[in-house]
Amino acid sequence: MDKLARDEEEKLIARSQHGDVGAFNQLIEHYQPIMYGTVYRLLGDYDVAADVTQDAFISAFKAIRTYRGGASFRAWLLRIGSNLACDHWRRVQRHPTTSLEIFTNEDTPHAFGTLDTLALTGPEGNPEEYMLTQELQEIIQRGLEELPLEQRTVIVLCDIEGLSYEEIAQAMQTTLGTVRSRISRGRARLRTYLQQHKELLPRNYRLTNSHNDG
Amino acid sequence: MSQFDQHLTIEQLSTLLDDQPYAAAQVGTYRAHLQTCEPCQSEFAELRQTVSLLRALPQPALPRSFVLPADFSLAPDELENEPTQTIASDIPRPIALAHRRRHPSNPERRRTLWATMRIVSSLVATIGLFLSLSGLLSGIASIHLGGTATSASSTANNGTGKNGALITPEATKATPVTSSHNQPAISTQSNTIPPRASSNPVKSSPPPWPTILLFDLNTSGGRFGLGILLVVLGSMGFSLFKQRTRSRSHTHN
């Protein structure tokens, strides 16, 4: 789907604020991939993520009048989604039986393959072009779930969904400084977790100091 | 300040990975340090790889569309007009969602139960209020009328019927004045006398009341005490059942 032009989006928001469900549904269609993606990466369960995503959009429609133009609508939506996801996570922590769902139907983490079969690099050996195997994806997801909720949220929003620091600060209702420090700590922590499985990490990684990584 | 004397912090290294305008000035300094510091290079490489792996994670496929039904509508009071932390408190739905599939009516039943208990509590409190008022008023009335009554009943012990006659002529008629049993005798007898005691408003009252929970409802003190107890219980119950429904929807981030 094409990116919504800003004025087109503003019109849809205005109509939604007057109760137009059809207009809001167009917004949903545009934002549901990032909403679902965010919630899934926060929770690690496809079905639960679907439920929470649906609830997030319902809550967003109820609260649409509180959205003030000028702020990022995407950040506003993701604030609702990430809050609901974090709330769900905390509730599940109190009843651990539910969290076992995350580990059903998955390969054991000890079935190591060779490095070459776990990740492939693109033609230039560029790290961004990794194609991650299912196993490696699962390990990263588990590493994410080991992070404290706030670090996990910034990592998902920044490194997975590509939001800017400003948008993340809006989504988490906090300052840029806090966002920076959570991101750095989250990355460091995840790095440490992945080190424990370093046999699985792609071999073809090259250090380049002059590399510009977006 | 020279960055070459000390290693870069995790936060500084992390900054190098993002193109953030705020850090443009410092980025040059950090890179310069990296050129010559191997431990920092190694740490930077690991962080960089971590971020690369995260960026390479695929977007999960949408299991379905999340659009709302065309006839979806909110009651006027459901639309929020205030900037809010109430977004988080809209959570009765997500909480119930997990349970909803298995026990669809539980939240509803429980809400009705809490509502009923609230009503019962407020009734209890109201009854208690009336009881205590009744006790209080008759207590006040008896203080006015029967300051003499108490002194009369204590002096009646001494065998003089004179003061006793001020309150209950019937009592003294009915009971020969004896020394130690007069007080209880008089009060008991005066309670059974009411139909005959037309001149005594304090004692002319409805038929005898029972004793509940050690509170003798025949006495104003007993009524007052029980009344206060019921008011307290009723208010506690009311606020207790009120809070429960709120805390159900109360979440925090």
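If R0 equals 45 Å, the separation of the Cβ atoms of B:Phe72 and A:Thr192 corresponds to a calculated FRET efficiency of about 0.50.
I need the calculated FRET efficiency for the pair B:Ser235 and A:Arg90, taking r as the beta carbon distance and R₀ as 35 Å, to the nearest 0.05.
Values: r = 33 Å, r/R0 = 0.94.
Calculated value: 0.60.
Annotation for the A:B interface, with buried accessible surface near 6300 Å², both sides summed [1.4 Å probe; non-protein components not counted].
The length gained by stretching the chain between B:Tyr22 and B:Ile143 to full extension, at 0.36 nm per residue less their Cα-Cα distance, is 35.4 nm. A simple count of charges around B:Gly135, restricted to other residues whose Cβ falls under 12 Å of its Cβ and scoring Lys, Arg +1 and Asp, Glu -1, yields 0. Label sites at B:Leu213 and B:Ser134, each approximated as a point 7 angstrom past Cα along Cα to Cβ, lie 1.5 nm apart.
With a Förster radius of 22 Å applied to the C-beta separation of A:Glu166 and A:Glu8, the computed FRET efficiency comes to 0.50. The simple spin-label model puts a point 7 Å past each Cα toward its Cβ; for A:Glu29 and B:His7 those points are separated by 5.3 nm. Net charge of the neighbourhood of A:Ala171, taken over other residues with C-beta under 9 Å away and scored Lys/Arg +1, Asp/Glu -1, is +1. Excluding A:Ile160 itself, what net charge comes from residues whose Cβ is under 11 Å from its Cβ, given Lys and Arg +1 and Asp and Glu -1? Residues near A:Ile160 contribute +1 overall.
Just reorder A:Asp87, A:Asp7 by solvent-accessible area, largest first, 1.4 Å probe, all chains present. Spell out each step's value before the answer.
Details: A:Asp87 5, A:Asp7 95 Å².
Heavy-atom accessible area, descending, gives A:Asp7, A:Asp87.
The values are calculated or read from the model by the stated rules, or taken from the named source; none is laboratory data. Small disclaimer: the values here were computed from a predicted structure and weren't measured. Cβ atoms come from the backbone with ideal geometry, glycine included; neighbour counts cover every protein chain shown. When the accessible area is computed, the model is the full protein with side chains, heavy atoms only, and any ligands, DNA or RNA have been set aside. Shrake-Rupley method; radii C 1.70, N 1.55, O 1.52, S 1.80 Å.
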